[in-house]
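Asker: I have a structure I would like to understand better, so I am pasting it below and will then ask my questions one at a time.
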Amino acid sequence: MPELPEVETVKCGLTPALEGATLKEVIARRPDLRRPLPENMGQKLKGKRIEKLGRRAKYLLIYMSDGHVLIVHLGMSGHMTVYETISAPAPGKHDHVDFVTEQGHTVRFTDPRRFGSMDMGEADTLETHPLFSKLGPEPLGNAFNGPALAIALKGKKGPIKTALLDQSVVAGLGNIYVCEALFRSGLSPKRKAGTVQGQRADQLAGHIVDILQEAIASGGSSLKDHQQTDGTLGYFQHAFAVYDRESQACPGCDCDVEKCGGIKRIVQSGRSTFYCPTKQR
């Protein structure tokens, strides 16, 4: 599932085509994705100007001139592609929604598994929307730092890996970037979350920010389905230290991998966790 860097990459790719544009038409080729599309979505959006694009956690936000906000989740396999309308290819089986602008662009939402979703909210009350009301701070925002993370983790007895995937602790993190941040911080994913205080919390918060910024600069991570709005792939997956590298040596490894087994894979809360038991405590 796309995490924060992938959604931020999509937002940045869509901005030149959509920000300031007026929607000529919105074509929905089916009434639902993971959930039903907003009622009369096409009519509500037609003729409206897009004021700006934003992101909250793993959601893409499209702010309209009438105060509505279109909330888009890419799901497991969703992606959005920008075309010059005159040269947009005929829609395929999995091309579910087209956003056509008066300025000559078509943005197409494609989702083979249909785990994505679209919803509507109001800009003035967006933070109380059911999708956002319980979210924690944005890790790239001013409200996120070591002390804030320490407060959110205090008293939690479950593993730190599981705690960081809790969107009420910090919004937008997923499996890939949590594994990578814990490796950089030297913290075992099995460590009790409540013990990550003080300097440990400061270091972890800093590494979370660094990892996310590096991933955004690399266009995100393309493992299965993620692609940028021009159809190209992200390439941060080539910089993974531990994720999806079971039995391999970690960066700077001076161990005998044949004896120690290299990077380990365990399952926590139904998700694969990758870590180095030698360097992460």
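The values are calculated or read from the model by the stated rules, or taken from the named source; none is laboratory data. Not measured: the values here are computed from a predicted model. Ideal geometry is used to build each Cβ from the backbone, glycine not excepted, and the neighbour counts take in all protein chains shown.
Asker: Quick one: which of S218, S133 is more than 26 Å from R265 (Cα to Cα) and in contact with a helix residue (DSSP H, G or I) (Cβ under 9 Å, 6 or more places away or on another chain)?
Answerer: Going through S218, S133 in turn, just one is more than 26 Å from R265 (Cα to Cα) and in contact with a helix residue (DSSP H, G or I) (Cβ under 9 Å, 6 or more places away or on another chain): S133.
Asker: What number of residues in segment 83-102 are exposed (fewer than 13 other Cβ atoms within 10 Å of the Cβ) and either outside the structural domain of I71 (by TED's automatic domain parsing) or not in a strand (DSSP E or B) (or both)?
Answerer: 6
Asker: In addition: Quick check: anything in segment 236-243 modelled with pLDDT under 95 and under 23 Å from F115 (Cα atoms)?
Answerer: Within segment 236-243, one or more residues are modelled with pLDDT under 95 and under 23 Å from F115 (Cα atoms).
Asker: Conditions first: (1) farther than 30 Å from Q167 by Cβ; (2) touching a residue at least 40 places away in the same chain (Cβ under 8 Å). T85 passes all but one, so which condition is the exception?
Answerer: Unmet condition: (2).
Asker: Sticking with this one: Please go through segment 250-267 and give me each residue that is surrounded by fewer than 18 Cβ atoms within 10 Å (Cβ to Cβ) and over 15 Å from G186 (Cα atoms), ordered by number.
Answerer: Hits for segment 250-267 are D254, C255, D256, V257, E258, K259, C260, G261, R265, I266, V267.
Asker: Take segment 86-105 and flag every residue that is among the polar types (S, T, N, Q) and over 14 Å from I50 (Cβ atoms).
Answerer: Within segment 86-105, S87 is the sole residue that qualifies.
Asker: Applying the selection to segment 31-47, what residues are touching a residue at least 24 places away in the same chain (Cβ under 8 Å) and within 16 Å of T106 (Cβ to Cβ)?
Answerer: If the condition is that a residue be touching a residue at least 24 places away in the same chain (Cβ under 8 Å) and within 16 Å of T106 (Cβ to Cβ), then L45 is the only one that fits.
Asker: Only residues that are out of contact with any Ser or Thr (no Cβ under 7 Å at 6 or more places or on another chain), β-branched (V, I, T) and in contact (Cβ under 8 Å) with a residue 24 or more places away in the chain: list them for segment 133-165, please.
Answerer: I160
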